[in-house]
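Data first, discussion second: the structure below is written as structure tokens.
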Amino acid sequence: MTAEPDGPLTVLGIETSCDETAAAVVRRHPGGAPEILAEELFSQIDEHRPYAGVVPEIAARAHLDRLDGLTGRAMAAADLDFGALDGVAATAGPGLIGGVMVGATMGKAIAAAAGKPFLAVNHLEGHALSARMTGRVAFPFLLLLVSGGHCQLLLVQGVGRYRQLGTTVDDAVGEAFDKAARLLGLGYPGGPAIEAAAERARDPDRFDLPRPMRGRPGCDFSFSGLKTAVLHRLRALETPPTPDDAADMAAAFQEAVADALTERTGNGLRMAREREPALRRLVAAGGVAANRRLRRALEDLCAREGLDLSVPPQRYCTDNAAMIAWAGAERLALGLASPLDFAPRPRWPLESPEDSARTASDESAA
Ligand code: KG4
Ligand code: ZN
């Protein structure tokens, strides 16, 4: 393992894998203390709203239009020029490939022009390590990553040491929220709309929805059956759903999702403990981790299992560039720079041979 660097590492991070265009400058101090110097983010949500989902071509164009300006503003806010950086990190996958190419190409160009190391960051690694930027979380921990594109349980043992324990066999959980919200006429993005509607429910127990995968071994997830169940229950109503019907159904849906996620996470925890008996922490990240009903369910699980729960603040739970810069800085501290011909990847499982070949653990963070 490379020796701990004796000075701070300042890294520019770029994120363009989905519908957020973002640039941030983050510093890693010796020993691992994080400092976020600047961050700029443009959410394309209004551009995709008419389509009730992310349109790849619109996303790629918007990244292209905005990234330059955002990067310049982040560098200006950090009061740095490119020559003062120690590295340039960009999401190189997985994600919508047009957007990933925009960000990765920009990152490589800046790195090459400034003569700095380039760090190709796996977007999932950004989420996995974000809790170490916001909460100085030590390895190992179990990560529940719940977003519009992902639903996974990962054992995180060190930088570059990730083991996927379970994943969705169909929809990601955020996608399920978005689809259910569309069925209920609640708007986009669906997660916050369902959470708000559930709070208005008059009879949250009125609809009984299935708990997908309950009782099955392992910790894979499934959500498409739940969405179909919502559709069938709505069709069974005599009249088109009223706002009260939608609110009651939103509450039932949210309850079923929180239940299912918690049950699968319990199984994942047992699997993780077989490898890491001293595991003491659960981290939840991704846009869906903002859901308060889910958080309460995870808090209960952690209380029962003797675990600490970490959920990064909302803006670092959803897609952002600070987590990419931070993952880049953690890699740089271990001497793990990437070649400039690193090819962007639409698919890139976190647990790929390339990741596991470069192992490094670090128990130093408090
Ligand atoms: O992580 P994220 O911002 O973007 C990616 O998908 O990468 O996650 C967005 C997803 C959307 O599907 C959105 O509906 C969901 O997170 N979401 C929520 C909540 N806020 C956002 N789902 C449930 N409850 C919420 N409060
Ligand atoms: Zn994400």
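The values are calculated or read from the model by the stated rules, or taken from the named source; none is laboratory data. Because the structure is predicted, anything quoted here is derived from the model rather than measured. FYI the Cβ positions are ideal-geometry reconstructions off the backbone, even for glycines, and counts take in every protein chain you see. In case anyone asks, the SASA skips ligands and DNA or RNA and just uses the protein heavy atoms, side chains included. Shrake-Rupley method; radii C 1.70, N 1.55, O 1.52, S 1.80 Å.
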task = Enter the angle in degrees (range 0 to 90, nearest 10) between the Cα long axis of helix 190-199 and the first principal axis of the Cα atoms of the chain, meaning the one along which they spread out most.
result = 50
ask   = With the contact rule set at Cα under 8 Å and sequence spacing of 6 or more, what percent relative contact order holds for the chain?
value = 25
query = Counting Lys and Arg as +1 and Asp and Glu as -1, what is the net charge of the other residues whose Cβ lies under 14 Å from the Cβ of residue 301?
reply = +3
Nearest-ten-degree value, helix 322-333 long axis tilted from longest Cα axis of the chain = 40
Neighbour count of at most 12 Cβ within 10 Å plus DSSP loop: longest trypsin sites (Lys or Arg not before Pro)-free window in the chain = 1-201
inquiry  = What figure, in Å² to the nearest 10, do you get for the accessible area of residue 118 with a 1.4 Å probe and non-protein molecules left out?
reply    = 10
request  = Quick one: pull the percent of accessible area on segment 66-224 belonging to carbon and sulfur, 1.4 Å probe, ligands and nucleic acids left out.
outcome  = 49
request  = Could you work out how far helix 243-275 tilts from the main Cα principal axis of the chain, as a 0 to 90 degree angle to the nearest 10?
outcome  = 50
ask   = P(r) of segment 153-242 in 5 Å steps, Cα pairs, percent per bin?
value = 3, 12, 17, 22, 17, 12, 8, 5, 3, 1, 0
inquiry  = If I ignore ligands, DNA and RNA and count only protein heavy atoms, how much of residue 51 is accessible to a 1.4 Å probe, in Å² to the nearest 10?
reply    = 130
request  = Quick one: work out the % antiparallel among DSSP beta bridges in segment 1-159, nearest 5.
outcome  = 70
query = What accessible area per residue comes out for the chain, rounded to a whole number of Å², with a 1.4 Å probe?
reply = 41
query = Got a number for the accessible area of residue 6? Probe 1.4 Å, square angstrom, nearest 10.
reply = 150
request  = Give the carbon-plus-sulfur fraction of the accessible surface of segment 266-336 in %, rounded to a whole number; probe 1.4 Å, heavy atoms of protein chains only.
outcome  = 44
message = Within 9 Å, Cβ to Cβ, of residue 326, how many net charges do the neighbouring residues add up to if Lys/Arg are +1 and Asp/Glu are -1?
response = +1
